[in-house]
Structures are given as C-alpha cells and as structure tokens.
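One structure is given below, encoded as structure tokens.
What follows draws every value from the coordinates through simple rules; no lab data is involved. This one's a predicted model, so the numbers in the text were calculated from it and none came from an experiment. When we count neighbours, we look across all protein chains shown, and the Cβ atoms used for this are built from the backbone with ideal geometry, even at glycine.
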Amino acid sequence: MIKVERDKVAFYQFLGLRDFPGLSHFVSGREGGVSVGRQTALNLGFMDEDRDERVLVNRMLLAEAIGCGVDDFTLGEQKHTTHVEVVDRVQRGRGGRGKATRLPSTDALITKETGVCLMVLAADCVPVLMYDSRMRVIAAVHAGWRGTVGKIAAKTVERMREEFGCDPRDIIIGIGPSIGPCCFEVGEEVIEAAGEGLGDLKGLVEPGKQTGKYQLNLWEANRRQLRQVGVEDTCIEVAGICTVCHRDQFFSYRGDRGNTGRFGAGIMLNI
Ligand SMILES: [Zn+2]
C-alpha cells in the first residue's frame, strides 16, 4: 500500500487497485479526523465511546477526500458472520449516517452499481477489497478470525461468480492491515476451529510466545482460500501491516485493550 494525503486526510491505497480509471478505493488510518482520546482522530465507527457528530464529520472528511458523499457509504452490521449481501442502488447509503440502517448481520458486500461505496470497518479484523475489472464488480469484506475460518473471502468470490459471472482470474484483491501473526496469539480452541474450517493449517500456525498459545496467520489464511477458489496469486496484495504493532497509524482493538476507534476500507465504481 502507499500513503495518499488529500484535503488533510491521509489514507492508503493498494498498488494493484489504484490505477484503474473509474475505480476509487481507500484504507483509512488514524490521521485527519476530529475525534479525541482513544478514538483520535479519524474514527469511522459509531460507538458509545465517541460522539456520533464527530464520527459523521470524520466520514464526511473522508468522503470529500476520496470524491464521494457520506450517503454513498454502504455498510453491513458486521457480526462475524459469513453472510454476503449483493447491494443494488436501493441500498446505497445504508449505514452511512448511523448504525440503525446498516444491512443486518452482513460481513461482505458486493455491487455492480456505480456510486455505491462499499465500506467495512476494522480494528484488528482483516478488511479485504476486491475488483473484477472485466465485469466491473466490486466487493468489500470484513474477515475477523471467525470470518476467515468460515472462508468469507472465498464465499464472496464465489458469489461474484454466481451473481455476475465473474471469473476469479480477473479479480484483483487487497488484503488490508489487521492483527498480524506476530500479535495474534490464540488458544487451542481457535486452532481447532481453524482446522475444521480451513483444513490443512500447515504454514498458517506457528507456536506462540506463551506456552499453550499459537500464532495464527490471518493474511495467509485469506490468501490461501482465495487461491483455492481460482484467484491468481499475483493478483493478491497483502498489506502486511500489523495493526497492533502499528497502532499509532491504525486502530487496534487488542493494541488499545478494547477502547479504540475503527478505520475503514472502501471501494467504489465511479459514476
Ligand atoms: Zn504485530
């Protein structure tokens, strides 16, 4: 990813997604917003610890910087499900101005509509952006460990194929900043669930620093499942930035011990 600074807001872009005409995308960081305290500064998540007015201002600042409006932002409720929703024009702006209108129990969004900015929020979970340049279809995925183990990224590609005839070989993927294997120490129960969901864990799990703990590599787990459904390895870009290690740049739930903000990853077909 590279850093872009525009209208006082800094955001990041994947090298593989930034040169397509008619496509906008971003991964936001902490810089540039009006939130204070543990939510400093560009918190995009409506939450008890921050004022809704501030979050709305942050979203407006970001929208302006990337060339859309806050009513273009379309979000799911993000419940660590593997539910994928296909978004049409009618759902544009759901969740953009508040929690109430978010698409219920949805962790992945797909659209072929222009002017709909699909956005997922994260603070350690893995945000994944997808673009099929031939069929002009986009997707945004929120994959925590549960979503990763449930193969939500692979399910999103499959749904793009079913719904819009996308060929996985045409899909370009950006796997954003999230908790890295360096900091994601988990217990036996998570490893068991990972084995059930993902099968062979070779190369995905290392012994942890603490005894009885393991390091689970969510980036590679997502990359592997995407390759398994036919995405080309050369079309998958992994930011490789650990949010816990880089909590000065990105919000991190574990790094900030639960009280933090949310950054966003969004993608839009321009009108
Ligand atoms: Zn780390």
Using only the alpha carbons, work out the radius of gyration and Dmax of segment 166-231 in angstrom. 13.3, 45
Amide proton proximity set for ARG6, modelled H, under 5 Å, gap of 5+: PHE11
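Taking Cα pairs under 8 Å and at least six residues apart, what relative contact order does segment 150-271 come out at, in percent?
Details: 157 pairs, mean separation 38.7, N = 122.
It comes to 32 percent, rounded to a whole number.
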Alpha-carbon Rg with Dmax, taken over segment 110-186, Å: 13.1, 40
Straight-line reach only, C-alpha to C-alpha below 15 angstrom: list the aspartates and glutamates that LYS213 could link to, leaving out same-chain residues fewer than 8 apart. GLU185, GLU188, GLU189, GLU192
Rh_Kirkwood(segment 23-99) over Cα pairs, Å, one decimal, evaluates to 13.3
Per-residue [θ]222 nm for the chain (sum of -39500 (n - 2.57) over DSSP H runs n ≥ 4, rounded to 500): -6000 deg cm²/dmol
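If a/c stays under 1.5 just call it rounded; otherwise compare a/b with b/c (prolate if a/b is bigger, oblate if not). Do that for segment 173-271, with a ≥ b ≥ c from the square roots of the Cα gyration tensor eigenvalues.
Numbers: a/c = 2.24, a/b = 1.11, b/c = 2.02.
It comes out oblate by the Cα gyration axes.
Cα gyration tensor of segment 1-156, axes a ≥ b ≥ c as square roots of the eigenvalues: rounded (a/c below 1.5), prolate (a/b > b/c) or oblate?
Values: a/c = 1.44, a/b = 1.17, b/c = 1.22.
Rounded shape, in that the Cα axes give a/c under 1.5.
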Between GLY33, GLY147, GLY165, where does the largest GNM mean-square fluctuation fall for the chain, given springs only between Cα atoms within less than 10 Å? GLY165
Which loop trypsin sites (Lys or Arg not before Pro) in segment 1-37, with loop taken from DSSP, have no more than 16 other Cβ atoms within 10 angstrom of their Cβ? LYS8, ARG18
Report Rg(Cα)/(2.2 N^0.38 Å) for segment 1-41, keeping two decimals. 1.33
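Based on the alpha-carbon gyration tensor of segment 81-229, what equivalent-ellipsoid semi-axes (square roots of 5 times the eigenvalues) come out, in whole Å, largest first?
On the way: eigenvalues 167, 60, 28 Å².
After diagonalising the Cα gyration tensor, the semi-axes are 29, 17, 12 Å.
Quote the relative contact order of segment 76-194 in percent (integer), defining contacts as alpha-carbon pairs under 8 Å separated by 6+ residues. Don't jump to the answer; show the numbers that get you there.
Numbers: 212 pairs, mean separation 30.3, N = 119.
The value is 25 percent.
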Just tell me which aspartates and glutamates come within less than 17 Å, Cα to Cα, of LYS3; anything on the same chain fewer than 8 places away is out. ASP19, GLU31, GLU64, GLU237, ASP248
Coordinate range along principal axes, alpha carbons of the chain, Å, largest first: 47, 46, 32
